[in-house]
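The values are calculated or read from the model by the stated rules, or taken from the named source; none is laboratory data. These numbers come from a predicted model, not from an experiment. We place every Cβ from the backbone using ideal geometry, glycine too, and count neighbours over all the protein chains shown. Keep in mind that these areas ignore ligands, DNA and RNA; they rest on the heavy atoms of the full protein, side chains included. Shrake-Rupley method; radii C 1.70, N 1.55, O 1.52, S 1.80 Å.
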Amino acid sequence: EAAQMLADSKRIEAETATENERLANLETQKRLAQLKKANNLLTAIFFDLDPRSEEHDSLPLRVVLGRRLVRLVNDLENEAIGDPIVVTEMQQSLASSLYALGFPVEASRLQEKTYKTRLLHLGPKHEDTLASMSGLADSYFSSGQVQKGLDLQEQALTIIREVLPPDHPHRTMALNNLARVYSATDRIPEAVKLLQECVTVREQSLGPDHLDTLVAQSN
């Protein structure tokens with residue numbers, strides 16, 4: 001009976017190991033498929049993209065690239081390529097690119113999606129959620145939704161002050177973003193106060209000659 005129990009135990013261990021290996025292989029295959037999808041989506045942006053074509057076409061290369069990024073954003077929503085938090089990281093980068101290429105409305109829509117996803121999965125006080133919140137507020141402002149951007153940026157900075165240390169990059173960025181909104185809406189004293197705080201923090205944490213400190217001083 002003892003020998004039979006030992007044999008059964010070894011058999012169960014072997015079966016468990018085999019099942020674990022099978023599940024691991026399935027997970028690996030799933031990840032590879034997700035990476036392939038992501039790679040195909042990203043490759044499509046630059047496929048057949050020739051800077052020299054700008055000389056012959058009516059659309060600038062910046063516009064062509066921006067439109068391709070918008071299509072990629074739509075494809076990301078329709079393709080299950082992985083963990084939602086991983087997808088939001090891609091969307092965050094795409095939103096920054098769209099903003100830089102002159103597509104603030106599309107960037108703000110994408111920022112809304114990343115913020116809602118991170119809020120759901122990470123909570124309202126996670127640093128990535130706060131970064132999305134501040135970025136969304138900046139997108140609102142840049143796309144002409146001034147009051148909406150201002151209100152959200154003030155909310156973001158209030159939470160950021162509560163949960164992040166003074167020298168955290170997200171905190172100094174939020175200070176700069178809100179100061180930019182204040183400056184554009186003729187609230188200059190409030191903008192100066194925030195920028196002075198940013199300069200002080202960067203001087204203490206990075207030193208007076210660091211590039212970020214000098215940028216803060218210039219602002």
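For the reader, a short list of remarks on this structure follows.
- Inclusion of Leu72 among residues that are in a helix (DSSP H, G or I), farther than 21 Å from Ser134 by Cβ and modelled with pLDDT under 75 is warranted.
- Taking the criterion of being loosely packed, with under 13 Cβ neighbours inside 10 Å and hydroxyl-bearing (Ser, Thr, Tyr), the only residue of the range 206-219 that qualifies is Ser218.
- Residue-level check: of (1) at pLDDT 90 or above; (2) open to solvent by less than 10 Å² (accessible area, probe 1.4 Å); (3) farther than 30 Å from Thr28 by Cα, Thr129 misses just (3).
- Ala80 vs. criteria surrounded by 22 or more Cβ atoms within 10 Å (Cβ to Cβ) and at pLDDT below 85: no
- Residue list for the range 134-159, restricted to those being open to solvent by less than 60 Å² (accessible area, probe 1.4 Å) and charged (D, E, K, R): Asp138, Glu154
- Residue in the range 160-167 that is hydrophobic (A, V, I, L, M, F, W, C) and open to solvent by less than 50 Å² (accessible area, probe 1.4 Å) present: yes
- Flag for Tyr115 being without any contact (Cβ under 8 Å) to a residue 40 or more places away in the chain, open to solvent by less than 20 Å² (accessible area, probe 1.4 Å), within 27 Å of Arg67 (Cβ to Cβ) and of a type in the set (Phe, Trp, Tyr): no
- Counted residues, the range 171-180 - those being of a type in the set (Lys, Arg) and open to solvent by less than 60 Å² (accessible area, probe 1.4 Å): 1
- Residues that are open to solvent by 70 Å² or more (accessible area, probe 1.4 Å) and touching a residue at least 12 places away in the same chain (Cβ under 8 Å), drawn from the range 181-205: Gln204
- Count of residues meeting criterion [assigned to a loop (DSSP other than H, G, I, E, B) and open to solvent by 40 Å² or more (accessible area, probe 1.4 Å)] in the range 90-112: 1
- Cβ separations smaller than 7 Å between residues 6+ apart or across chains give the following pairs from the range 149-172 residues that are within 20 Å of Asp212 (Cα to Cα) and of a type in the set (D, E, K, R) to residues that are assigned to a helix (DSSP H, G or I) and modelled with pLDDT of 90 or more: Asp167/Val201; Asp167/Ser205; Arg171/Ile160.
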